[in-house]
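A quick write-up on the structure given underneath.
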Amino acid sequence: MRDLAAFLAALDGIPVETDRALVRQKSRDFFWYSPVLKRQLDRVCGEAVVMPRSEAEVARVLAAAVRHRVPVTPRGAGTGNYGQAMPIRGGIVLDLAALDGVLWARPGAVRAQCGAKLIDIDAHTRAAVGGEVRFHPSTKRTATLGGFIAGGSSGIGSCTWGILREPGNILGLRLLTMEEEPRAIDLRGPDIQKANHAYGTNGVITEVEMPLAPAWEWMDIVAAFPTLMDAARFADAFARQDGIAKKLVSVLAAGIAQTYFRALAPVLPEGRAIALLMVAAPFLDFLPALLAPHGGEEVRRQPSDEAEVPLYEYSWNHTTLQALKTDRSVTYLQTLFPPPGHLAKVAEMEAAFGDEVPIHLEFVKFGGEVACFGLQLVRFTTEARLAEIIAAHEAAGCPIFNPHAYTLEEGGMKKVDHAQLAFKRETDPLGLLNPGKMLAWENPDWRPSQSRHLYETA
């Protein structure tokens, strides 16, 4: 039986927060991007926040939680978008922000604690070894390394390096098990996937080792195009230019940037589709000749590190955030337009939905091929209509990684990850880590066809 009072008493010396308002704040992420999740999760709240300052204190917390049967939901900065770090079964939020040290940096690699902010890691590695983390989320200025690994999958830099699951994009993980005597387990090579993008359901990540790329002087480039497909064809061709160091290749349908990007709007031509690029400074001379065949025109250029709002904060999931700042009625999708026919699929979906689903694309390397993810905006009307839009994309061969669901299987994986499930049996035998997020643990007979209805309440 859960005994929160006895659990908290066992944490003598470890910072704890029980103020209701502060606990509620730490129990939330950006789930409200989705009207479905806002309805389902708006009342979710932990019972306390525990803030360990070392791996040893994390182990003490986990041991006490097992003894007193208290659920534990690990959390970094809480910049996720679909409830990954929200304690839907109550218990405690384990705030790991104080484990924020960079342990070492060497040419080609860095190892840091889970609570280290990605922007601070890059500052350290640039100064120490002239390198930077290969890619990062649009929340780089606030996101933590452990949170990115546990809840993220790709981001700024994926146009060159692919996604987190690509071999080599994570070099090592260290985690603690949820047992009466927690064990530290170090994962390397293919074993990393046991805990990568597992929402902290099968171990509390305490350290991460990442590869580094050369730290270029990045330039933010905004270009305008006559049509969305002109911009998409340019982006596809540009992403294939392996000799040009690039970090961001985004495409936005006409009207998105002009309406929602207030700081950029004055330089954006009306009625034109927009591409957002991050290009290393030595390669800029090649850009005009690559833009011209697609009717592209550069309309803004600025060093990334001099921008008050860097261009990456208009890309990926930040595009949706920028829109929500002025229009709380919009939501979004997360779509794979699979190669090699991804451009044809983009054109098909644009024709099918028009301004109801304004197109936003992020060009990436996916399994070694150029593809694009859609983070399309959706002019939301009803949950039933949202379900129809999702079903239509999937019927057309464009898989949706559902941002309106908070479980691993319904969201990014779309299947049971049997390696992660087996690892959870080993590391969290009582199922106390972030409960409710792994459907195959809750129901061993679960299959994708048995997924909960989109509108079912949590």
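The values are calculated or read from the model by the stated rules, or taken from the named source; none is laboratory data. No experiment lies behind these values; they were computed from the predicted model shown. Neighbour counts are summed over all protein chains in view; Cβ atoms, including those assigned to glycine, are modelled from backbone coordinates with ideal geometry. When the accessible area is computed, the model is the full protein with side chains, heavy atoms only, and any ligands, DNA or RNA have been set aside. Shrake-Rupley method; radii C 1.70, N 1.55, O 1.52, S 1.80 Å.
Laid out as a table, the results:
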quantity: Loop-resident sites, region 347-417, for trypsin sites (Lys or Arg not before Pro), counting at most 14 other Cβ within 10 Å (DSSP); calculated: 415
quantity: Extreme residue, positive dipole direction of the chain, given options 1, 159, 293 (C-beta unit charges); calculated: 1
quantity: Residue order for 55, 209, 348 - accessible surface, 1.4 angstrom probe, largest first; calculated: 348, 55, 209
quantity: Probe 1.4 Å - accessible area at residue 438, Å² to nearest ten; calculated: 10
quantity: Isotropic mean projected area of the C-alpha convex hull, region 62-193 (nm²); calculated: 8.3
quantity: Heavy-atom accessible surface of the chain: percent carbon and sulfur, 1.4 Å; calculated: 52
quantity: Integer Hz, Karplus 6.51/-1.76/1.60 couplings in order for region 294-306, x for Gly and Pro; calculated: 10, x, x, 9, 6, 10, 7, 9, 7, x, 4, 7, 9
quantity: The chain - mean residue ellipticity at 222 nm from DSSP helices (-39,500 (n - 2.57) per run, n ≥ 4, rounded to 500); calculated: -7500 deg cm²/dmol
quantity: Average accessible area per residue (Å²) across region 403-444 - probe 1.4 Å, nucleic acids and ligands excluded; calculated: 34
quantity: Karplus-derived HN-Hα couplings along region 97-104 (A = 6.51, B = -1.76, C = 1.60, θ = phi - 60°), whole Hz, x at Gly and Pro; calculated: 5, 6, 8, 10, x, 8, 7, 6
quantity: Cα gyration tensor shape of region 44-134, rounded if a/c is under 1.5, else prolate or oblate by comparing a/b with b/c; calculated: prolate
quantity: Region 1-74: relative contact order as a whole-number percent, Cα under 8 Å and 6+ apart; calculated: 47
quantity: Computed accessible area, residue 171, all protein chains, 1.4 angstrom probe, square angstrom; calculated: 50
quantity: Surface accessible to a 1.4 Å probe, per residue, for the residues of region 122-215, Å²; calculated: 31
quantity: Answer label for Rg/Rh (Cα atoms, Kirkwood Rh) (calculated), chosen among [x] 0.94; [y] 0.97; [z] 1.09; calculated: [y]
quantity: Full-stretch length increase - residue 22, residue 415 - with 0.36 nm per residue and alpha-carbon distance subtracted; calculated: 138.0 nm
quantity: Cα gyration tensor, region 134-193 - rounded (a/c under 1.5), prolate or oblate; calculated: oblate
quantity: Cα-based radius of gyration of region 258-366 once divided by 2.2 N^0.38 Å, which approximates compact folds; calculated: 1.16
quantity: Positive-end extreme of charge dipole, the chain - chosen from 441, 320, 346 (charges on Cβ); calculated: 441
quantity: Set 38/365; 38/437; 140/246; 345/365 screened for pairs whose C-alpha atoms are more than 22 Å apart; calculated: 38/365
quantity: J(HN,Hα) series, region 364-381, from Karplus relation 6.51 cos²θ - 1.76 cosθ + 1.60, nearest Hz, glycine and proline x; calculated: 9, 8, 10, x, x, 10, 6, 9, 9, 8, x, 10, 4, 6, 10, 7, 6, 10
quantity: For region 199-271, alpha-carbon Rg relative to the globular expectation (2.2 N^0.38 Å, N residues); calculated: 1.57
quantity: Extended-chain gain in nm, criterion 0.36 nm per residue less alpha-carbon gap, residue 242 and residue 38; calculated: 69.3 nm
quantity: Accessible area (Å², per residue) of region 10-69, counting only protein heavy atoms and a probe of 1.4 Å; calculated: 45
